[in-house]
There are 2 protein chains.
Amino acid sequence: MLARVSSTPSFKRLPRAVREQQMLDAAVKVFSRRGFHAASMDEIAEDAGISKPMVYAYLGTKEELFIACLHRETARMVLAIAGAAAPDLPPDQRLWRGLRAFFGFVGAHRDGWAVLYRQARGSQPFAAELAAMRARLVDVVAGMLDHALRARGREVAATELEVVAYALVGASESLADWLADHPEAEPEKTATRMMNVAWLGAAQLLDGVTWRPPAD
Amino acid sequence: MLARVSSTPSFKRLPRAVREQQMLDAAVKVFSRRGFHAASMDEIAEDAGISKPMVYAYLGTKEELFIACLHRETARMVLAIAGAAAPDLPPDQRLWRGLRAFFGFVGAHRDGWAVLYRQARGSQPFAAELAAMRARLVDVVAGMLDHALRARGREVAATELEVVAYALVGASESLADWLADHPEAEPEKTATRMMNVAWLGAAQLLDGVTWRPPAD
DNA sequence: GCGTAACCTTACGCACGAGTAGGTATGCTC
DNA sequence: GAGCATACCTACTCGTGCGTAAGGTTACGC
């Protein structure tokens with residue numbers, strides 16, 4: 001009414017695409033800090049430097065907004081890992097590169113990742129979303145195992161593979177959580193440790209066998 | 001006022017301890033089905049066959065109630081696993097028994113476990129609670145590894161052990177989630193698969209080496 | 001220079017559910 | 001069988017925060 005030019009002297013009108021990204025940035029930040037429920041649309045809007053109805057106009061309801069966050073972050077992560085694929089390498093190399101990319105990504109997006117995915121695990125509407133993306137990862141890992149097995153002339157039931165892949169993915173997620181909680185930890189080192197336990201197994205670790213990252 | 005004897009013809013007055021257990025049962029059920037936030041105290045009260053103020057009188061606020069659920073379920077789980085300890089067995093035996101007990105418990109408390117712990121991961125107030133109990137598990141596993149290592153005259157930094165233990169616990173939790181989502185799956189079998197990946201590692205699995213449960 | 005469409009605001013309605021006030025019945029003790 | 005503690009109820013208050021109605025303001029095309 002009266003105080004109009006209070007906050008920003010010249011207040012920029014920005015095109016939709018830009019504002020949407022700002023909003024998503026803010027949303028990820030606030031959802032991370034507060035958790036889905038405790039986060040308020042007002043705070044997100046304020047953090048984005050915009051007013052609430054704009055958020056509704058562009059990204060829809062709170063749930064839709066959260067899902068949009070999930071999608072963007074997931075896409076980024078998949079992209080980061082996809083670059084490390086190289087399907088013609090031996091399995092240990094592929095596993096190593098995948099893990100390195102994964103932990104590298106998490107390390108670079110600590111607050112983003114951790115709480116976002118921790119959130120998504122819980123509440124019904126997002127669990128499906130999250131499960132879908134986890135399934136993609138599991139499929140990739142299972143496919144890798146299957147590929148390696150066939151190359152050795154062996155074959156294993158799909159369920160069996162899925163469960164093993166699931167365990168590996170789960171272990172990685174846990175270590176990702178650990179990484180997100182320990183700001184001083186190095187992603188590369190964490191990936192190496194994960195590689196050790198996943199590739200070698202506890203029996204060999206106890207016997208002093210260790211796996212070390214290749215020169216590259 | 002008028003409809004008093006509607007629900008239960010003879011309505012029993014029960015001692016506090018009994019009612020508290022009924023309330024906790026109901027709370028676990030409702031929290032599981034709906035998630036922490038979506039669960040309403042009214043629904044919990046109704047499910048327990050009691051009115052809301054009783055819940056407040058006995059178990060306190062919604063948060064306190066949830067924490068009470070967590071504590072009870074955690075205690076039950078620790079108890080179930082503790083019985084399988086046997087510290088003088090070789091490490092593979094100990095790991096196997098621990099895993100079997102763990103998955104057995106989860107299989108027997110499917111709705112209880114899954115959503116309760118999935119919930120707790122997310123929201124701030126409970127994360128601490130959950131982290132504490134997870135830390136106990138991690139310590140146990142790390143201690144086991146340390147014990148085994150010393151017996152072989154080797155020694156490893158505590159952080160190193162912790163991370164490996166963390167990965168193992170994480171993988172188990174993931175498979176527990178998987179188990180909770182697949183009603184047809186057998187706990188024993190799941191434990192075996194977990195044992196395979198944890199003890200042997202991917203490299204040996206690919207080579208066709210498998211671990212099989214002992215006759216016991 | 002003027003319309004119009006996109007951008008952006010303030011200010012509110014409204015539902016929902018946590019937590020409570022105050023009162024009633026029941027059993028146990030002496 | 002009076003008294004007292006404990007179990008239990010109905011019926012509210014009230015904060016909080018999602019989602020929206022209705023209206024300003026700036027840029028851009030013509």
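The values are calculated or read from the model by the stated rules, or taken from the named source; none is laboratory data. All figures in this text were calculated on a predicted structure; none of them were measured in a lab. When we count neighbours, we look across all protein chains shown, and the Cβ atoms used for this are built from the backbone with ideal geometry, even at glycine.
Checking the structure you have, find out if any residue of the stretch B:39-49 is near DNA strand C (Cβ under 9 Å from one of its atoms), at pLDDT 90 or above and under 12 Å from B:VAL115 (Cβ atoms).
yes
What's the number of the condition A:ILE50 fails, among (1) farther than 25 Å from A:ARG152 by Cα; (2) assigned to a helix (DSSP H, G or I)?
(2)
Looking at this structure, is B:ILE67 closer than 30 Å to A:PRO125 by Cβ and either at pLDDT below 95 or in a loop (DSSP other than H, G, I, E, B) (or both)?
Yes; evaluated as a whole, the condition is true for this residue.
Does A:GLY107 qualify as being in a helix (DSSP H, G or I), crowded, with 19+ Cβ neighbours inside 10 Å and out of contact with any Cys (no Cβ under 7 Å at 6 or more places or on another chain)?
It is true that A:GLY107 is in a helix (DSSP H, G or I), crowded, with 19+ Cβ neighbours inside 10 Å and out of contact with any Cys (no Cβ under 7 Å at 6 or more places or on another chain).
Taking the stretch A:160-216 as the search range and keeping residues that are facing another protein chain (nearest Cβ under 10 Å) and among the basic types (Lys, Arg), which one is surrounded by the fewest Cβ atoms within 10 Å (Cβ to Cβ)?
By that ranking, first place goes to A:LYS189.
Determine whether B:GLY60 is out of contact with any Leu (no Cβ under 6 Å at 6 or more places or on another chain), closer than 23 Å to B:VAL106 by Cα and either more than 15 Å from DNA strand D (Cβ to nearest atom) or not polar (S, T, N, Q) (or both).
On the way: out of contact with any Leu (no Cβ under 6 Å at 6 or more places or on another chain): yes; closer than 23 Å to B:VAL106 by Cα: no; either more than 15 Å from DNA strand D (Cβ to nearest atom) or not polar (S, T, N, Q) (or both): yes.
For B:GLY60, the condition - out of contact with any Leu (no Cβ under 6 Å at 6 or more places or on another chain), closer than 23 Å to B:VAL106 by Cα and either more than 15 Å from DNA strand D (Cβ to nearest atom) or not polar (S, T, N, Q) (or both) - is not met.
Among (1) modelled with pLDDT under 90; (2) exposed (fewer than 14 other Cβ atoms within 10 Å of the Cβ); (3) more than 16 Å from DNA strand D (Cβ to nearest atom); (4) within 26 Å of A:PHE126 (Cα to Cα), where does A:VAL18 come up short?
Of the numbered conditions (1) modelled with pLDDT under 90; (2) exposed (fewer than 14 other Cβ atoms within 10 Å of the Cβ); (3) more than 16 Å from DNA strand D (Cβ to nearest atom); (4) within 26 Å of A:PHE126 (Cα to Cα), the odd one out for A:VAL18 is (3).
Which one is farthest from A:ARG33 (Cα to Cα) among residues in the stretch A:60-98 that are among the basic types (Lys, Arg) and over 13 Å from the mean Cα position of the chain (by Cα)?
Selected residue: A:ARG94.
Across the stretch B:130-153, which residue is farthest from B:GLU63 (Cα to Cα) among those that are within 10 Å of chain A (Cβ to nearest Cβ) and aliphatic (A, V, I, L, M)?
It comes out as B:ALA151.
From the set of residues in the stretch B:70-94 that are of a type in the set (Gly, Ala, Ser) and assigned to a loop (DSSP other than H, G, I, E, B), which is farthest from DNA strand C (Cβ to nearest atom)?
So, considering only residues that are of a type in the set (Gly, Ala, Ser) and assigned to a loop (DSSP other than H, G, I, E, B), the one farthest from DNA strand C (Cβ to nearest atom) is B:ALA86.
Please find, within the stretch A:25-41, the residue that is surrounded by the fewest Cβ atoms within 10 Å (Cβ to Cβ) out of those that are in a helix (DSSP H, G or I) and touching a helix residue (DSSP H, G or I) at 6+ places or on another chain (Cβ under 6 Å).
Looking at residues that are in a helix (DSSP H, G or I) and touching a helix residue (DSSP H, G or I) at 6+ places or on another chain (Cβ under 6 Å), I get A:MET41.
Which of the following residues is modelled with pLDDT under 85 and in contact with a Phe, Trp or Tyr (Cβ under 6 Å, 6 or more places away or on another chain): A:GLN119, A:GLN124?
Matching residue, one of A:GLN119, A:GLN124: A:GLN119.
So how many residues does the stretch A:110-120 have that are crowded, with 19+ Cβ neighbours inside 10 Å and farther than 21 Å from B:TYR117 by Cα?
Total satisfying the criteria: 1.
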